[in-house]
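Here's the structure, in structure tokens; my notes come after.
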Amino acid sequence: MEKYTAIKERASKYTAILQQVLDFRNQWEASLKAFILDQTKEVLEHTGISANVEVEERFQNLESITISLGKSVSGISEKVDDFTKRTIIKDKGAIIYSQLFNGKVQCWMTYPLIEGLMQPKPPKMIGIYAPHEFNEDLILSNFDEFFKELIEWENYDDDQPGVSEVNRIGFGIHNYEEDDED
């Protein structure tokens, strides 16, 4: 019947998308996860960057690959008393590939954070991709965007008038109360 034509088309599209989710999930397990790991290894080898690569497999079909640059001493320390300093640690950031509920893969990053001295800058989504979109150029592009953002964060410069970098990078001491002296 003619009155069911539109709904039949939608139902057909819905069925096709459900199959696509299954196909995308199968591609992750069959080859995409290994491809991302191999390409990550290549990027790290060619750049000389040291990173911890972890695969989170707790939830099947919601797995993730985290490439973390780790933590280090920030070079900043808090003077506790005349003899003691407390070293402040810096998280250097990470790039993450995570499966979404629909089988697509989201690439996102976390920014560096100096613990106890900054509000974290919200993670940045780099892109969402279907498995067939992945290739060496895409991985290189994702890492390029990641390093570009890290460089901008590390090379903070307040020479741009009218831009409040304090808010942009999330810097703000939050452990200390402001004095309300009149």
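With respect to residue 67, determine if the residue is surrounded by 11 or more Cβ atoms within 10 Å (Cβ to Cβ), without any contact (Cβ under 8 Å) to a residue 40 or more places away in the chain and part of a loop (DSSP other than H, G, I, E, B).
no
Go through (1) surrounded by fewer than 16 Cβ atoms within 10 Å (Cβ to Cβ); (2) closer than 17 Å to residue 154 by Cβ and name the single condition residue 94 misses.
(1)
Among the residues that make up region 71-90, is at least one of them within 25 Å of residue 45 (Cβ to Cβ) and under 14 Å from the mean Cα position of the chain (by Cα)?
no
Count, please, the residues in region 43-54 that happen to be surrounded by fewer than 13 Cβ atoms within 10 Å (Cβ to Cβ) and either touching a strand residue (DSSP E or B) at 6+ places or on another chain (Cβ under 7 Å) or assigned to a helix (DSSP H, G or I) (or both).
Residues in region 43-54 being surrounded by fewer than 13 Cβ atoms within 10 Å (Cβ to Cβ) and either touching a strand residue (DSSP E or B) at 6+ places or on another chain (Cβ under 7 Å) or assigned to a helix (DSSP H, G or I) (or both): 4 in total.
If residue 6 meets every condition in (1) surrounded by fewer than 10 Cβ atoms within 10 Å (Cβ to Cβ); (2) at pLDDT 95 or above apart from one, which number is that one?
(2)
The values are calculated or read from the model by the stated rules, or taken from the named source; none is laboratory data. In this text, all values refer to a predicted model and were calculated from it rather than measured experimentally. Glycine also receives a Cβ, built like all others from the backbone with ideal geometry; neighbour counts cover every protein chain displayed.
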